[in-house]
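Since the structure comes first, as structure tokens, the remarks are kept for the end.
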Amino acid sequence: MSNSNNEGKILKNSVGVSLATLASRFLGLLRVRLEALTLGGGTIASIWFLTLMIPNLLRRLLGEGALGTALTPIIAETERAESISQARKHLAQIFAMLGALLALIVVIVSLAAWFWGRHGILYGYGIMQSDRVIGTCQLLPLIMPYAFFICLTGVIGAVLNYSGIFVRPALTALFFNLCMILGLCAGVFFHLPPQSLLTLLALLTPAAGAIQFLLMLWLLFSCGRFPIFDRETFKSFAVTGRLIKLATPGLIGYGVLQLSFLIDRTLALYLNDQAVPALTYVDRIIDLPIGLFAVSLGSVLMAAMTHAAAEKDWDAMRRQLNFSLRHVWFVGAPMAAGVIFFHVEILRVLCLGGRYTQADLDATRLVAIFYGMGIPFFCTLKVLLPAFYSRQDMKRPFYVSLAAISLNIILNLILMFPLKQGGLALATVIASITNNTVLLFLLHRDGFPLEKSTILSCCRSGAIAFASGAAVWFIMPFIRCRFSASFGNDCLLLLICAIAFAITFFVLAILCRTPELKEFFNILRRKKKNSD
């Protein structure tokens with residue numbers, strides 16, 4: 001009974017974080033709509049997306065990614081072996097080290113970008129002299145302070161998650177999207193030229209990061225985990241050295257998906273003006289299922305597995321892993337089918353209009369199909385890595401990730417010219433599937449095998465999702481011909497697609513007696529009883 005309760009608690013906490021994240025993701029979709037209308041799908045959009053990509057990569061590596069993940073077992077072990085007070089001193093030492101490192105990175109990147117933004121036309125050649133690269137370098141010094149705030153915010157989030165606080169940290173992400181939406185609306189209202197709008201957005205970005213950072217510090221203080229800065233804290237830097245040793249391999253292991261996206265966008269510079277926006281807009285769409293459930297589940301799972309690993313309860317870890325894989329596929333598979341079959345309807349609603357043209361949309365179609373295929377595998381990675389990192393095993397995922405990134409680069413160079421930006425997306429998906437396969441093999445060897453029921457459940461979820469999507473897609477031409485082209489009709493058509501797809505999926509899931517559906521509704525019933 002306790003086993004099912006523990007697994008139910010993982011799902012319950014994940015649902016809570018997902019609901020908190022849902023508000024931020026919906027604001028993010030509104031932001032995508034405004035970005036498409038005001039920035040379009042060409043050079044201006046490329047400059048903005050390339051500029052934002054660098055601090056976001058640092059956030060996913062040094063904040064919520066490898067560093068935050070490596071910190072969790074260290075804090076857990078310190079609290080267990082010594083005291084919460086000592087853990088707070090270790091946290092202060094880590095904050096000081098990370099803050100200094102981030103400040104140095106911000107200064108170096110900003111100075112390099114400033115120099116190239118002023119003199120790149122003189123010293124550069126080829127693509128390095130393009131408006132996309134020069135414009136990105138001119139904006140980077142304004143936006144880089146965001147990396148400082150958001151990386152520290154991510155580390156605080158890891159500590160709060162270990163302390164059992166999941167929902168409130170997820171809600172702080174609302175402020176970034178709110179700031180961006182206000183900036184984009186101001187651009188529309190005051191008819192700002194593109195360069196002035198980009199400058200406004202670049203200034204608002206670190207302001208949003210600072211608000212998130214201050215809110216997270218308050219949450220850290222309220223739960224009694226605020227760092228203790230005193231002389232004794234900095235007498236020894238052993239914990240900092242240990243964190244670096246644990247986190248360094250994980251920088252690539254945990255950030256393999258983000259590094260793959262970075263490689264895609266860098267190579268996309270050599271294709272056309274539409275390539276970077278095409279990859280980024282679809283990335284924002286697929287980020288909804290990944291951020292909505294997989295990241296939430298991964299955060300909760302990391303905390304649960306860390307507690308299990310500290311107790312050496314390997315049976316609990318096996319159950320948690322299989323349970324999480326079943327549910328991540330149950331959510332990820334229909335999301336993938338939705339993007340594959342209905343990407344045109346989604347892109348018309350989210351992007352088409354203003355500076356974003358039909359030609360920009362057509363340039364995005366292959367990217368949507370291939371990235372859509374990868375959604376379950378992108379999600380699975382968030383569940384597999386905690387099984388390694390909770391046991392402080394950072395090196396093997398690091399080597400696997402290096403191999404996956406190398407494969408991604410090779411496939412990119414092979415596929416990018418015949419398939420353009422679609423080839424870059426396909427290469428990323430193949431590399432992600434390879435990465436997942438090798439990690440599963442290593443876990444099997446470690447005594448954490450996939451149960452037959454888990455494999456059957458994942459296959460069943462994929463088959464139900466594909467059958468549901470194909471059935472609705474087959475009847476869509478008969479429905480589409482009844483609607484004229486307008487934004488309102490596009491929204492109505494997408495709503496009809498979503499409702500029909502959801503009903504078909506849930507009916508098939510009920511007929512197939514999927515256990516995930518029953519487990520999910522059990523969680524909702526428990527929450528309702530608790531509220532009553």
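The values are calculated or read from the model by the stated rules, or taken from the named source; none is laboratory data. Bear in mind the structure is a predicted one, so any value in this text is a computation, not a measurement. Backbone-built Cβ (ideal geometry, glycine too); neighbour counts: all protein chains shown. For accessibility, only protein heavy atoms count, side chains too; no ligands or nucleic acids. Shrake-Rupley method; radii C 1.70, N 1.55, O 1.52, S 1.80 Å.
Applied to the stretch 329-335, the Karplus parametrisation 6.51 cos²θ - 1.76 cosθ + 1.60 on θ = phi - 60° returns per-residue 3J(HN,Hα) values of 6, 5, 8, x, 4, x, 4 Hz, with x for Gly and Pro. Which entries in LYS420/LYS452; LYS312/LYS452; LYS395/LYS420 show an alpha-carbon gap greater than 28 Å? From LYS420/LYS452; LYS312/LYS452; LYS395/LYS420, over 28 Å: LYS420/LYS452; LYS395/LYS420.
Summing charges over neighbours of THR514, with a neighbour being any other residue whose Cβ is under 12 Å away from its Cβ, gives +2 when K and R count +1 and D and E count -1. Restricting the stretch 427-497 to chymotrypsin sites (Phe, Trp or Tyr not before Pro) that sit in a DSSP loop and have at most 14 other Cβ atoms within 10 Å of their own Cβ leaves PHE483. In this structure the stretch 340-387 gives 28 Å² per residue of accessible area when probed at 1.4 Å with all protein chains present.
Take 134-142, 404-412, 41-49 and order them by the average number of nearby Cβ atoms within 10 Å per residue, most first; the result is 41-49, 134-142, 404-412.
Spin-label model, ILE84/GLU311: points 7 Å from Cα along the beta carbon direction are separated by 2.0 nm. Highest mean packing first, where packing is the average number of other Cβ atoms within 10 Å per residue, the peptides 339-345, 189-195, 382-388 line up as 382-388, 339-345, 189-195. Amide H to amide H distances under 5 Å link TYR356 with GLY40, where only residues 5 or more positions off or on other chains count and H is placed in the peptide plane. Between LEU492 and PHE189, the C-beta separation translates, for a Förster distance of 22 Å, into a calculated FRET efficiency of about 0.20.
For ILE499 and LEU413, the FRET efficiency from 1/(1 + (r/R0)^6), where r spans their Cβ atoms and R0 equals 41 Å, is about 0.45.
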